[in-house]
Amino acid sequence: MWIVVTLLILASLLSIGVATIRRLDQKPRRRLKEEGVAPPTTDLNDEVLKRGVIEWKELQQHLRLQELLSIEGADLAGDRFQVILSLSGKAQADVLYVRFGTSVQRVSAGQSGVVCIKAGDSARITLVGNAIDATILNGVAGSPQEIVGDAGFALALSFVNSLTEGVSFKYAARGSELNHRFIKSWDIPSAQSDEAILARVSSLADVSVLAERVRDIQTASSFTKRYQKASPLEAGICYILGEHGGESLRFQVISEVALLIVPAFDTKTSLPEFLQNLTVKSQMHARILLRNELVTLAAQSQDGQYALLPLDDSNVMLGVSSAENGNVDVVHIEEADDGQNVVTLLMRSTPEFKNVLVWVLPQEG
């Protein structure tokens, strides 16, 4: 019976629809206030165009230490980016690593860099679809913010060498955040980091666990009443959030947790019966996990691909997009600021989606 159910689930999951992910900005602004830093101004130029400059004297200090330059920040949508460069005493920089969201490009074996920025030149790095494009602009330097343009996202990098300004490295981008730091070669993200995490996040595998290993159904409210405080979820149990299940679920993350937004779940129906009739044409799958000891959400974006969103950066709203009703917000996810990896799911029941199923995934190995 369970094998038949699993096959039916796998068949239905092939038609997963479009999901929506929305970052909420309360946490970053609250954190700025706590650290005594004024929140960002509302001036359009300050919000949209960020820039920085590193003088040659500072660059030389880090060259002697054999350090790399990391330019990083976030675009206007809140998606993180990072570009790592190797500097040389010949006033040039080789781009070793580029990351926009979940898209990554690295220097190929046998090459010095993805592109090389020489004195007096600039590079313009953009994301086109899911592909990273790095273009060298020969003889264009000094005002990288002009290279960025007025639309879309672009990161401009310039190696300035002039009689009036001397040698310096400038960078600019249209985004919500932009800065630089110097790192060691071992700080370059490994090919087995985010890519490996995303490679094993699968709605097919997670719902198969639900079908094959979960033997009990409980409401979110019963879990809260039983433990009285944030505790780890129990393996082998499917927790029901939403209609008939309670509007919130607060728990401590010690292992990976899967969740699935569904139109409705009748607690009187057995799990095998429910799974046998489950279709996820317009539903959303996500996974809550620990990455570098930080609680992170792996959730589907609108193109069906998964993205990693650290919950210490901001709260997140998950929903489903339908042709009839547009974007429908369903569940609000936030992490407590207590350092205990405590997460709260807050349900926003809608006529289309009334429940969220939550279950613990088996630990690997």
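Here is the figure for region 227-244: residues that are farther than 22 Å from ASP338 by Cα and loosely packed, with under 14 Cβ neighbours inside 10 Å total 1. Condition test on LEU63, is it surrounded by fewer than 18 Cβ atoms within 10 Å (Cβ to Cβ), more than 20 Å from ALA173 (Cβ to Cβ) and not assigned by TED's automatic domain parsing to the domain that holds ASN315? Here the answer is yes, as LEU63 does meet what is asked.
Counting residues in region 259-266 that are more than 26 Å from LEU308 (Cα to Cα), of a type in the set (Phe, Trp, Tyr) and at pLDDT below 85 gives one or more. Hey, any hits in region 74-89 for a residue that's farther than 29 Å from SER314 by Cα and without any contact (Cβ under 8 Å) to a residue 12 or more places away in the chain? Among the residues of region 74-89, not one is farther than 29 Å from SER314 by Cα and without any contact (Cβ under 8 Å) to a residue 12 or more places away in the chain, which makes the answer no.
Going by what's in this entry, would ALA336 be described as among the small types (Gly, Ala, Ser) and at pLDDT 80 or above? Yes.
Looking only at region 324-350, residues that are outside any strand (DSSP E or B) and under 19 Å from GLY246 (Cβ atoms) come to 4 in all. When TRP186 is tested against the conditions (1) surrounded by 15 or more Cβ atoms within 10 Å (Cβ to Cβ); (2) of a type in the set (Phe, Trp, Tyr); (3) without any contact (Cβ under 8 Å) to a residue 12 or more places away in the chain, the lone failure is (1). Name the residue that is surrounded by the fewest Cβ atoms within 10 Å (Cβ to Cβ), counting only residues in region 67-85 that are of a type in the set (A, V, I, L, M, F, W, C) and not in a strand (DSSP E or B). Going through the qualifying residues, I end up with ALA77.
The values are calculated or read from the model by the stated rules, or taken from the named source; none is laboratory data. Predicted model, so just to flag it, every value in this text is computed and none were measured. All Cβ positions, glycine included, derive from the backbone under ideal geometry; neighbour counts span all protein chains shown.
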